[in-house]
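*Asks:* One structure follows; several queries about it will come next.
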Amino acid sequence: MTNIENIQAQITPLRKTLINHSLYQKLDNINDIQSFMEQHVFAVWDFMSLLKALQNHLTCTQTPWIPNKNAKLSRFINEIVLGEESDLNESGLPQSHFDMYLEAMEQIGAKPDLIHNFIAQIKNGRSVKEAAQQLNVKPAIQEFINFTFRIIDSNQPHMIAAAFTFGREDLIPDMFLEIIKNEEAANQNISYSKLTYYLKRHIELDGDEHGPLSLLMVQELCGNDAKKWEEVLAVALQALEYRIKLWDSVTEQLSEQFEPQV
């Protein structure tokens, strides 16, 4: 068994917990998806910070330019950045996956105000932790993004790659697409094309390109260093545990809702 296969085996129980999470049974209409997206957007946002942290470590992003020792790693991460930060949207125009998600939120009727205010706070000089506290972001979201930035602040590329590769795989089930399709069929004048495109594009890239590249990146960063492989496993497990806590929080909120969101 390779090191990658060992990690995948070790995280399988947590992956199964996520795949079979009760949250998905709660998401049976557009109102629920709106509520979900308003919280999940923070995970879409901080994923980009993991990505840029890796790019900072694995390429030269400053001047004067200095050659990177491992061109293979530079190519891996630059290919992923190209797809995540400047993919082509449904209109064929360059756009980040985060901005695609925001537009999908607006089209489906989810409220992007909180994430917009959060980013505005950061632009004004607040730290991620301070901005989340100031805006009373839900505790599970705060824990999730604070963990992400603790890993980024470790300045250890293999640990950042672990969170990126094993903790951030696309866990939104195909049932989302079915709910959207059914809603559009029932209401002929409604279209949720942006969310449909985002989901399909994300699944396509993760499965065909970004997933395999990420695994190669972890392999290249760890090599034969047993300690690094141990740290990769620890980060992968923690990342999935925080994702489960986030899913638990969203599930609890949906259970408490007596009136559908408008």
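The values are calculated or read from the model by the stated rules, or taken from the named source; none is laboratory data. What you see is a predicted model, and the numbers here were worked out from it, not measured in a lab. Neighbour counts are summed over all protein chains in view; Cβ atoms, including those assigned to glycine, are modelled from backbone coordinates with ideal geometry. Ligands, DNA and RNA are excluded from the accessible area calculation, which covers all protein heavy atoms including side chains. Shrake-Rupley method; radii C 1.70, N 1.55, O 1.52, S 1.80 Å.
*Asks:* For the stretch 50-72, give me the residue count where each residue is open to solvent by 10 Å² or more (accessible area, probe 1.4 Å) and either within 10 Å of the chain's Cα centre (by Cα) or more than 20 Å from L213 (Cβ to Cβ) (or both).
*Replies:* 6
*Asks:* Take the stretch 7-30 and flag every residue that is polar (S, T, N, Q), open to solvent by 60 Å² or more (accessible area, probe 1.4 Å) and assigned to a helix (DSSP H, G or I).
*Replies:* Passing the criteria: Q8, Q10, T17, Q25.
*Asks:* Would a scan of the stretch 201-215 turn up a residue that is among the basic types (K, R), outside any loop (DSSP other than H, G, I, E, B) and open to solvent by 60 Å² or more (accessible area, probe 1.4 Å)?
*Replies:* No - not one qualifying residue is present in the stretch 201-215.
*Asks:* From the residues in the stretch 157-173 that are in contact with a His (Cβ under 9 Å, 6 or more places away or on another chain) and part of a loop (DSSP other than H, G, I, E, B), which one is modelled with the lowest pLDDT?
*Replies:* This residue is D170.
*Asks:* Further question on the same structure: Considering each of F176, F149 in turn, give the residue that is within 20 Å of R243 (Cβ to Cβ), buried (at least 16 other Cβ atoms within 10 Å of the Cβ) and at pLDDT below 95.
*Replies:* Only one candidate qualifies: F176.
*Asks:* Which one of these does T196 not meet: (1) modelled with pLDDT under 75; (2) under 19 Å from E38 (Cβ atoms)?
*Replies:* Failing condition for T196: (1).
*Asks:* Looking only at the stretch 128-139, filter to residues that are within 17 Å of M48 (Cβ to Cβ) and not β-branched (V, I, T); which one of those is surrounded by the most Cβ atoms within 10 Å (Cβ to Cβ)?
*Replies:* Applying the filter and picking the extreme gives A132.
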